[in-house]
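Working notes, beginning with the structure itself.
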Amino acid sequence: MIAAGIDAGAATTKAVILKDNALEGYKISPTGFDFLKASKDVYRDALKSAGLKSRDVEMVWATGYGKNSVKFAPGTVSEITAHARGVNFLFPDAQGIIDIGGQDSKVILLEKGRVIDFLMNDKCAAGTGKFLEYTARALEVPIDGLGELALLSKNPASISSMCTVFAESEVISLRAKEFSKEDIAAGLVLSIAQRVAVMAKRVGLRRNIILVGGVAKNAGIKAALEKEVGTELRVPFEPQITGALGAALYKR
């Protein structure tokens, strides 16, 4: 059976093609303004990478922030369920998920692949990729280099603002006080790690935790989270596709 999953995220859109239990192809692209166009584009490219045509696909399911805009998918599934299915497929022993995306952050407690409990922060950018994006801009460093910069710090700066706008102002203030970029970056990374760790502890995540989402590629965030949560975090080979993978698996 050939199935496809589309994860229409606020920052990026992902498509996965599964043939039986094998990953045949996937694509990740910025979402932009139009969820439907982004979904069509990544679906087309994922099919191309798999060497397939749309007529070969027997089932398409959508998830993510813009899932209802994916008109060519006959069904949708919640992000929580999709990530649980996708992570369980890759890590059958997983007992928890931390997902830090562009627009929200989620922690999910699992038992044998089933969702037992979860918490989601989707009301405030604090603890998300958007927080990193704005504050990295204030530091004048690329967002993908922020984590590595943070790892060079010996004395992280204190970032107290919960609001992204105020945190950006705080970064500028710290620069004026001649804090190094490394120490400010470490403070930003620690700020996110502490907020997400509070969510993880409230839900009861303790071990066998999988870190997913675009921010999972940030080595500084991973290191800071591991310290705050108190356990090693595993990262999939491509941490951004677990939602799309779970959508493809959903009705199989």
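The values are calculated or read from the model by the stated rules, or taken from the named source; none is laboratory data. Not measured: the values here are computed from a predicted model. Quick reminder, even Gly has a Cβ in these numbers, built from the backbone with ideal geometry, and neighbours come from all protein chains shown.
Checked against (1) over 14 Å from G246 (Cβ atoms); (2) buried (at least 17 other Cβ atoms within 10 Å of the Cβ); (3) in contact (Cβ under 8 Å) with a residue 24 or more places away in the chain, Q103 passes all but condition (2). Scanning the stretch 205-219 for residues that are surrounded by fewer than 21 Cβ atoms within 10 Å (Cβ to Cβ), part of a loop (DSSP other than H, G, I, E, B) and either among the charged types (D, E, K, R) or at pLDDT below 95 (or both) returns R206, R207. Consider V70 carefully, then state whether it is surrounded by 21 or more Cβ atoms within 10 Å (Cβ to Cβ), of a type in the set (V, I, T) and out of contact with any Gly (no Cβ under 7 Å at 6 or more places or on another chain). Here the answer is yes, as V70 does meet what is asked. Residues in the stretch 220-252 that are assigned to a loop (DSSP other than H, G, I, E, B) and of a type in the set (V, I, T): how many? Count: 3. Of the residues in the stretch 173-193, none is over 20 Å from A138 (Cβ atoms), touching a strand residue (DSSP E or B) at 6+ places or on another chain (Cβ under 9 Å) and of a type in the set (V, I, T).
Would you point out which residue out of G66, G9, G75, G51 is within 26 Å of L119 (Cβ to Cβ), more than 20 Å from the chain's Cα centre (by Cα) and not assigned by TED's automatic domain parsing to the domain that holds V115? Show your work before the answer.
Numbers: G66 fails: more than 20 Å from the chain's Cα centre (by Cα); G9 fails: more than 20 Å from the chain's Cα centre (by Cα); G51 fails: within 26 Å of L119 (Cβ to Cβ).
Exactly one of G66, G9, G75, G51 is within 26 Å of L119 (Cβ to Cβ), more than 20 Å from the chain's Cα centre (by Cα) and not assigned by TED's automatic domain parsing to the domain that holds V115, namely G75.
Screening G102 with (1) at pLDDT below 95; (2) out of contact with any Lys or Arg (no Cβ under 9 Å at 6 or more places or on another chain); (3) assigned by TED's automatic domain parsing to the domain that holds L205 gives one miss only, at (2).
Restrict the check to the stretch 188-204 and report whether at least one residue is over 27 Å from A8 (Cβ atoms), touching a Leu at 6+ places or on another chain (Cβ under 6 Å) and either at pLDDT below 85 or among the β-branched types (V, I, T) (or both). Among the residues of the stretch 188-204, not one is over 27 Å from A8 (Cβ atoms), touching a Leu at 6+ places or on another chain (Cβ under 6 Å) and either at pLDDT below 85 or among the β-branched types (V, I, T) (or both), which makes the answer no.
Considering only residues in the stretch 141-161 that are within 21 Å of the chain's Cα centre (by Cα) and either part of a loop (DSSP other than H, G, I, E, B) or charged (D, E, K, R) (or both), the one that is farthest from K181 (Cα to Cα) turns out to be D144. For the stretch 14-67, the candidate set comprises residues that are under 21 Å from G213 (Cβ atoms) and among the hydroxyl-bearing types (S, T, Y); within that set, the residue that is surrounded by the most Cβ atoms within 10 Å (Cβ to Cβ) is T63.
Assess whether A4 counts as being surrounded by fewer than 24 Cβ atoms within 10 Å (Cβ to Cβ), under 22 Å from R114 (Cα atoms), in contact with a helix residue (DSSP H, G or I) (Cβ under 6 Å, 6 or more places away or on another chain) and of a type in the set (G, A, S). The answer is no for A4.
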